[in-house]
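Take a look at the structure set out below.
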Amino acid sequence: MTDRNMLVMGAVAYAPKVVTIWEGFRQFFEANGLPFDFVLYSNYERQVEALFDGSIHVAWNSPLAWLRAERMGKAVGKPVSTIAMRDSDRDLTSLIVVRADADIRQIADLSGRTVAVGAVDSPQATLLPLYCLHRQGIKAGEDFAIQRHDQLGGKHGDHIGGEREAARALLAGKADAACMIAGNHLLFTNEGTLPAGSTRILAETPRYDHCNFTVAADAPPSLVARMRELLLGMSWEDPALRPLLELEGLRQWMPERVEGYRDLDAAVDVFGFYDPSGNITCVDYHY
Amino acid sequence: MCSGSTTLRATLPVSTITIERLDAAGALLLKRALRNLPPGESLMVTGDSPELAAHLAAWCRARGHCWQTSEVPHLLGSIHPGSLDQRRWQGALTTGALASGGVADRAEPRWGLAARGAHVEASAPAFHFPLSDKVMIWANEAPKLYAQAVAAQWNPDEAIDWTQPIELPEDIEAAVVQVMTYLIENENAALLVPARFLAQMHPHFREVMQLLAIQVADEARHIEVFTRRIALKGHQPALSTAGGQASLKTLLDTPDFAIALFLLSVLGEGTFVNLLNFLSAHAPDPITRQVARLAAQDEARHVAFGMAHLQYQLAQDPALRDRLANAIEQRFESLATTDGLNEEVMDALLLLAAGSWLPAALLAGQEKVMALQQDMTAGRRLRLVKLGFPEAQAARLADLHTRNFM
Ligand SMILES: [Fe+2]
Ligand SMILES: [Fe+2]
């Protein structure tokens, strides 16, 4: 196990700004009496495994990584917990959009069509929208074809590129529908990737939650408690913190909650992404 | 933060906005409506576009607003504005005021490049401008001098008739070329010294920054016209002496703005006004006379700013006067071992003023050069007195000034 007098957190380096963000937060934690260091991983799978081999105490996790850690923790008798999330991680939805002039009026009309999705490991652009369709009775790979836009495997869809490629494929007529998080549909519409009026929303997923801080069972409790306290106390009005919060895409850290991961957990089972013990069972997943 | 899962069931008579799309224009309308909302109230949103509800939810989440969907027909939902947008500017820094009277005594590093009077977000980066104190930079005349400088800009192509025929004896032409060569190296110093301090100056002191920028442009133009005068008859520049360059190097090596301004502008450029006036009166050809006259007008402004700033700083820091006096003494000491006489230039000035090799003409030229040197010393003494130096000290310091003029 790593030094018990210092809290060590893992983060996935999905973009260069991750260094700026966590170096800044590290200084804030240190200045406020929390000995803190961070380790960067290139993918969430290795980061989750590190929660169980003693390399890190805490992981800044995607929702999919949280679910894997939860499964692995139960399997080995070291249940994980969570301490906080961003305000912007709560109550998200994803959209399944079609071209405005398409003769697709309801979800059943997707039968025999091609649906563009993001990366295979993207909760918002692949797993959750496909699960939404599944619940409505049409099955990916059977009733309709999936067109994947894999970008940066192992980053659990943190990279926007896959969603943008799916949107472009829809507009170019290479797919009949495309899946993306609602905020990106607004972004793609305003940036011109999807000209205003060119698409129509066919379906919207139920609300779900995104990232969280996942804590290993054997993490030093007092340091974890201090980290949670400092996170929840961070003020957007603090000129030293605001640039970091903006880079990380939040205004306020919020207390933990896990109800928002239920649909994704079900999707992981339905599509066989992980097994109940957290082993990777998705065959064509590369990271 | 809102729970996000509540659903609005009843409506109250509150502010309502209808938007077509949440594009940049729609967002602008929305932001204005939110700004104008009475405190504590929500904004109802109506609209027909089927994607609006999903877009509004994402838009509100990204801005910390609370979005509640509605079950009332035609009503999409309501926005309860978060307070973070206003709080962003709560700790904003105030930076003086636009007018020259609004200059602060000290410009803060975090004011950075903002226009004077702007509100600067508190998390803006710090800029470390070494010259950030008003007392070190300011002159009350700076706004007026800047306006004069802008109005007095001239185009060398139009202000000078480069096509006038000039036929000077070869050695008189050579004397003109030597003087121009000398002027150019002095202009190079006069350009670089303010440019270096300009780059250290906090832009809060807008008028001084603008004035020095124009001064640098003036010097660039002087370099141009003197260079063109050399090239007029197909010559290359002539001689550059070690003593002349050593004298100028002391200006570039001066790290203190007040001392640099004193040595360069008050003493050097002030002396140069005499030299340029001499050339505009006695040069043997109309083009040389013209370029000297135009440059002299600009130089007078450069001297005026140097005087104005030093008077401002001396009024608040009289001890500066001793440092200025010491700077002249030190420069004199450090140049004592160099050949500061610059014989090539002095000979060329005499010959140029004589206009020919006839003994009577040479004698007249010699008298003109002697008168020039007396004018220079008298001018320096006068400016030193204006800066508050006692008469006797002013006379002594005026004599100690470099024999290189600049
Ligand atoms: Fe000049
Ligand atoms: Fe000048």
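The values are calculated or read from the model by the stated rules, or taken from the named source; none is laboratory data. Keep in mind that what you see is a predicted model, and the values were worked out from it rather than measured. For neighbour counting, all protein chains shown are included, and Cβ atoms are generated from backbone atoms with ideal geometry for every residue, glycine included. The protein model used for the area step is the full one, side chains on, heavy atoms only, and it has no ligands, DNA or RNA in it. Shrake-Rupley method; radii C 1.70, N 1.55, O 1.52, S 1.80 Å.
Calculate the mean, over all residues of peptide B:59-66, of how many other protein chain Cβ atoms lie within 10 angstrom of the residue's Cβ.
On the way: counts 3, 0, 10, 8, 2, 6, 0, 0.
Taking the mean over all residues of the peptide, I get 4.
Label 7 Å along Cα→Cβ of B:Val216; segment B:170-202 residues with amide nitrogen under 12 Å?
B:191-201
Considering only DSSP beta bridges where both residues belong to chain A, give the percentage that are antiparallel (nearest 5).
On the way: 21 of 36 bridges.
The antiparallel fraction comes to roughly 60 percent.
Within segment A:106-121, find all residues whose amide N lies under 12 Å from a label point positioned 7 Å from the Cα of A:Gln136 along Cα-to-beta-carbon.
Within reach of a label on A:Gln136: A:106-111.
Treating only the Cβ atoms of Lys and Arg (+1) and Asp and Glu (-1) as charged, compute the dipole magnitude of segment A:57-147 about its Cα centre; round to the nearest 20 debye. Kindly include the intermediate steps, with their values, before the conclusion.
On the way: 11 positive and 10 negative charges, 77 e Å.
Result for segment A:57-147 is approximately 380 debye, rounded to the nearest 20.
Measure nothing fancy, just the Cα-based angle from helix B:24-35's long axis to the longest principal axis of chain B, in degrees from 0 to 90, nearest 10.
80
Please compute the contact order of segment B:16-86 in relative form: average sequence separation of alpha-carbon pairs under 8 Å and at least six residues apart, divided by the residue count, as a percent.
32
Toward the positive end of the charge dipole of the protein assembly as shown, about the Cα centre and with charges on Cβ (Lys, Arg +1; Asp, Glu -1), which of B:Leu29, B:Val385, B:Gln311 goes farthest?
Among B:Leu29, B:Val385, B:Gln311, the one farthest towards the positive end of the dipole of the protein assembly as shown is B:Leu29.
What pairs from A:Lys74/A:Lys155; B:Lys144/B:Lys249; A:Lys74/A:Lys139 go past 25 Å between their alpha carbons?
Too far apart for the 25 Å limit: B:Lys144/B:Lys249; A:Lys74/A:Lys139.
Please compute the volume of the convex hull spanned by the alpha-carbon atoms of the protein assembly as shown and report it per residue in Å³. If you can, show how the numbers build up before the last one.
Working: hull volume 161.8 nm³, N = 693.
Cα convex hull per residue, to the nearest whole number: 233 Å³.
Stokes-Einstein at 10 °C, 1.306 mPa s, Kirkwood radius from Cα pairs: D for chain A in µm² s⁻¹? Walk me through the numbers before you get to the answer.
Details: Rh = 19.6 Å.
This corresponds to a translational diffusion coefficient of 81 µm²/s.
May I ask you to give the percent of accessible area on the protein assembly as shown that is carbon plus sulfur, with a probe radius of 1.4 Å?
Working: 15770 of 29340 Å².
The C+S portion of the solvent-accessible surface of the protein assembly as shown is 54 percent.
Say R0 is 25 Å: what FRET efficiency, to the nearest 0.05, do B:Trp154 and B:Gln316 get from their beta-carbon distance? Let's see the in-between values first.
Working: r = 36 Å, r/R0 = 1.43.
Efficiency, rounded to the nearest 0.05: 0.10.
Using packing as a proxy for protection, rank A:152-161, B:99-108, A:38-47 so that the peptide with the highest average count of other Cβ atoms within 10 Å comes first. Write down the numbers at each step before the final one.
On the way: A:152-161: 21.1, B:99-108: 14.8, A:38-47: 19.4.
Averaged packing, sorted descending, gives the order A:152-161, A:38-47, B:99-108.
If R0 is 25 Å, what FRET efficiency do you get for B:Leu192 and B:Asp171 from their C-beta distance, rounded to 0.05? Working shown, then result.
Numbers: r = 32 Å, r/R0 = 1.29.
Between B:Leu192 and B:Asp171 the formula returns 0.20.
Which residues of segment A:91-134 show a drop of at least 30 Å² in accessible area when all protein chains are present, compared with their chain alone (probe radius 1.4 Å, heavy atoms only, ligands and nucleic acids excluded)?
A:Asp91
Treat every Asp and Glu Cβ in segment B:16-86 as -1 and every Lys and Arg Cβ as +1, leave all other atoms uncharged, and give the resulting dipole magnitude about the Cα centre to the nearest 20 debye. Before the final figure, lay out each step's value.
Working: 6 positive and 7 negative charges, 57 e Å.
With Lys and Arg at +1 and Asp and Glu at -1, about 280 debye.
Am I reading the A/B interface right? What is its buried accessible area, both sides, 1.4 Å probe, to the nearest 100 Å²?
On the way: alone 12050 and 19490 Å², together 29340 Å².
Approximately 2200 Å² gets buried when A meets B.
Report, for the protein assembly as shown, the % of DSSP beta bridges that are antiparallel, rounded to 5. Write out the running numbers ahead of the final one.
Values: 32 of 53 bridges.
Rounded to the nearest five, the antiparallel share is 60 percent.
Under unit Cβ charges (Lys, Arg +1; Asp, Glu -1), what dipole magnitude, rounded to 20 debye, does chain A have relative to its Cα centre?
In total the dipole reaches around 180 debye.
Using R₀ = 30 Å, calculate the FRET efficiency as 1/(1 + (r/R₀)^6) where r is the Cβ-Cβ separation of B:Trp89 and B:Asn140; round to 0.05. Let's see the in-between values first.
Numbers: r = 33 Å, r/R0 = 1.09.
That pair, B:Trp89 with B:Asn140, gives E of 0.35.
For segment B:260-406, report the convex hull volume of the alpha-carbon atoms normalised per residue, in Å³, without decimals.
On the way: hull volume 14.9 nm³, N = 147.
Taking only Cα atoms, segment B:260-406 has a hull volume of 101 Å³ per residue.
Note down the relative contact order for segment B:41-125 as a percent, whole number, built from C-alpha pairs under 8 angstrom at least six residues apart.
Details: 115 pairs, mean separation 20.6, N = 85.
Once normalised by length, the contact order is 24 percent.
Summarise the partner chain shielding of B:77-83 as one whole number: the mean count of Cβ atoms from other chains within 10 Å of each residue's Cβ.
Working: counts 0, 0, 0, 0, 0, 4, 1.
Mean inter-chain Cβ contacts per residue within 10 Å come to 1.
Hey, what angle do you get for helix A:17-31 against the long axis of chain A, alpha-carbon based, 0 to 90 degrees rounded to 10?
Taking the Cα atoms of chain A, the angle to A:17-31 is about 30 degrees.
Note down the relative contact order for chain B as a percent, whole number, built from C-alpha pairs under 8 angstrom at least six residues apart. Spell out each step's value before the answer.
Details: 566 pairs, mean separation 55.9, N = 406.
Once normalised by length, the contact order is 14 percent.
Would you be so kind as to list the residues of segment A:167-187 that have their accessible area lowered by at least 50 Å² in the full protein complex compared with their chain by itself (1.4 Å probe)?
Correct list: A:Leu186.
So what is the 222 nm mean residue ellipticity for chain B from helices alone, if each DSSP H run of at least 4 adds -39500 (n - 2.57) and you divide by all residues, rounding to the nearest 500 deg cm²/dmol?
Dividing the helical sum by the residues of chain B leaves -18000 deg cm²/dmol.
Kindly provide the helix-only [θ] at 222 nm of chain A, computed as the sum of -39,500 (n - 2.57) over DSSP H runs of four or more divided by all residues, to the nearest 500 deg cm²/dmol? Please list the in-between numbers first.
Working: 9 runs with 94 residues, N = 287.
Roughly -10000 deg cm²/dmol at 222 nm, from the helical runs in chain A.
Give me the distance between the Cα centres of segment B:167-200 and segment A:259-274, rounded to whole Å.
80
Can you tell me what percent of all Cα-Cα pairs in segment B:134-399 are more than 31 Å apart? Don't jump to the answer; show the numbers that get you there.
Details: 9009 of 35245 pairs.
That fraction is 26 percent.
Per q in 0.17, 0.19 Å⁻¹, report the Debye log10 I(q)/I(0) for segment B:16-86, using one uniform scatterer on each alpha carbon and no solvent.
Those come out to -0.54, -0.68, one per q.
So, for chain A, what is the accessible surface per residue at a probe of 1.4 Å, expressed in square angstrom?
Values: 10940 Å² over 287 residues.
In whole numbers, chain A has 38 Å² accessible per residue.
If you restrict to DSSP beta bridges whose two residues both lie in chain B, what percentage is antiparallel, to the nearest 5?
Values: 11 of 17 bridges.
Of all bridge pairs located within chain B, approximately 65 percent are antiparallel.
Count, for each residue of A:230-239, the Cβ atoms from other chains sitting within 10 Å of its Cβ, then give me the mean as a whole number. Working shown, then result.
Values: counts 0, 0, 0, 0, 0, 1, 6, 8, 3, 9.
Counting other chains' Cβ atoms within 10 Å and averaging over A:230-239 gives 3.
As I understand it, the value is the acute angle between the Cα axis of helix B:142-151 and the longest principal axis of the Cα atoms of chain B; what does it come to in degrees, rounded to 10?
70
Using a Cα-Cα cut-off of under 16 Å, which lysines could be cross-linked to A:Lys78, ignoring same-chain neighbours fewer than 8 residues away?
none
Starting from the Kirkwood Rh over alpha-carbon pairs, what translational D in µm² s⁻¹ does segment A:94-204 have by Stokes-Einstein at 20 °C and 1.002 mPa s?
Taking Rh from Cα pairs, D becomes 161 µm²/s.
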